[in-house]
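See structure below.
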Amino acid sequence: MDLISVAVPCYNEQESLPIFLSALANVARTMQSDHDVRIEAVLVDDGSRDGTLALMKSISVPQIAEAYAPLTIRWISFSRNFGKEAGILAGLEHARGDYVAVMDSDMQDPPSLLLQMYSILLTEDYDSVAARRVNRDGEPPIRSFFARMFYKLISHISKADIADGARDFRLMKRPMVDAVLSMRECNRFSKGIFGWIGFKTKWLPYVNVERVAGETKWSFFSLMLYSIDGIVDFSTVPLSIASVVGILLCFAALVGVIVIVVKTLAFGDPVDGWPSLACLITLLGGIQLLCLGIMGQYLAKTYLETKRRPLYIVRESSDDVGN
Ligand code: UDP
Ligand code: MG
């Protein structure tokens, strides 16, 4: 009998989690009757400040657990908020299944798609099936615009194949999960990791769904930082751009010097115009700082990698209480 583990990072999801678990339990019932497959949810409480952890604990009560049967539920709780990427990693590390899915708990990743994903993996020659939104309804237009730009950019400058609208929601076979776990980097960008390791992925388009309850944890600013992380983690092109800009500027400066020397010698022109000089100095200073900033990003990442800190710390888990 196959086991499918579903890794679910949860941060302040007390309202949406029960709805999600009920939906997943329905899928588990269908899976069991149609395919003789079991589903376990691996819930990761990412240092929530609301009743998420209490809710997870309450599921261990036999009467409540029965309501979700045949879905089995395990949980892990972090010592603080480590971020969604750490949640995904913990979920994958604790998953025991032959197949493992990564899903959000806000119903934006429809649990019913799991049935379709599993059937595809059974019948077709793929290692994973991933969901891809075909629209971004319900999202602020400016956010959609920048998201599209980001996907266009990263697909050009990185080897990781990341599709526009790609979500973290996917079902993978065990070898692919092991490959994801073999990537031990601290700066984790799952969409890039899934793309970088290769394997055969089928993209399943679906219409965007808005979250069922609660609020998104991402502000425009945090998404921007996340996309910069994604670029720095999977491409060194910005460094090359910095070098090329440096070379071009040196060349331009050389031409400028020759022009001024020739003008002075031939026509005896005095060099005038301090405003243009001031502008040039500011421009060059700006470009230098920008390039320094780009280098700094890579240096900071290297610094964090060399520390080899754990990516998350578990405070308690259902394994402690014998589930
Ligand atoms: N999440 C998390 N830790 C965080 C932020 C988010 O585990 O620090 C979880 C959250 O509970 C949800 C998933 O990541 O299950 C996606 O978050 P959200 O719905 O806020 O993001 P969006 O769907 O808007 O991209
Ligand atoms: Mg969401």
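Taken together, the values in this text are just the output of simple stated rules run on the coordinates, not laboratory data. Computed from a prediction, not measured in an experiment: that's the story for all the values here. Reconstructed Cβ throughout: ideal geometry from the backbone, glycine too, with neighbour counts over all protein chains shown.
With R₀ set to 41 Å, the beta-carbon distance separating residue 182 from residue 262 gives a calculated FRET efficiency near 0.10. Structural size metrics of the stretch 109-242, computed from C-alpha coordinates, are Rg and Dmax of 15.6, 48 Å. Against the chain, whose longest principal axis is taken from its Cα atoms, helix 220-234 shows a tilt of about 80°. Taken along its principal axes, the alpha carbon cloud of the stretch 1-138 reaches lengths of 42, 37, 29 Å, longest axis first. Ranked for footprinting exposure by Cβ neighbours inside 10 Å, fewest first, 260, 142 give 142, 260.
Every Cα-Cα pair of the stretch 56-115 was included, and the share exceeding 19 Å stands at 43 percent.
Checking the cross-link pairs 159/307; 159/202; 57/191; 173/301; 217/301; 217/307 against a 20 Å limit on the alpha carbon distance flags 159/307; 57/191; 173/301; 217/301; 217/307 as lying beyond it.
Spin-label model, residue 161/residue 252: points 7 Å from Cα along the beta carbon direction are separated by 3.8 nm.
What is the angle, in °, between the Cα long axis of helix 84-94 and the longest principal axis of the Cα atoms in the chain? Nearest 10 is fine, range 0 to 90. So the inclination is approximately 40 degrees. Per-residue ellipticity at 222 nm computed for the chain from its helices equals -17000 deg cm²/dmol, with DSSP H segments shorter than 4 residues left out and the rest contributing -39,500 (n - 2.57).
Please determine, in degrees from 0 to 90 and to the nearest 10, the orientation of helix 237-267 with respect to the longest principal axis defined by the Cα atoms of the chain, where the helix direction is its Cα long axis. Orientation of helix 237-267: about 10 degrees from the principal axis. All C-alpha pair distances within the stretch 256-323, sorted into 10 Å bins from zero, spread as 15, 20, 17, 15, 12, 9, 6, 5, 3, 0 percent across the bins.
Relative contact order for the chain using alpha-carbon pairs under 8 Å, separation at least 6, rounded to a whole percent? That works out to 22 percent. Per residue, the convex hull spanned by the Cα atoms of the chain amounts to 161 cubic angstrom. Oblate is the label for the stretch 77-163, because the ratio a/c of its alpha-carbon gyration tensor axes (a ≥ b ≥ c) is 1.5 or higher and a/b is not greater than b/c. By the Cα gyration tensor, the stretch 182-238 has an equivalent ellipsoid whose semi-axes, rounded to whole angstrom, run 24, 19, 11 from largest to smallest. Overall shape: oblate for the stretch 221-284, with the ratio a/c of the largest to smallest alpha carbon gyration tensor axis at 1.5 or above and b/c at least equal to a/b.
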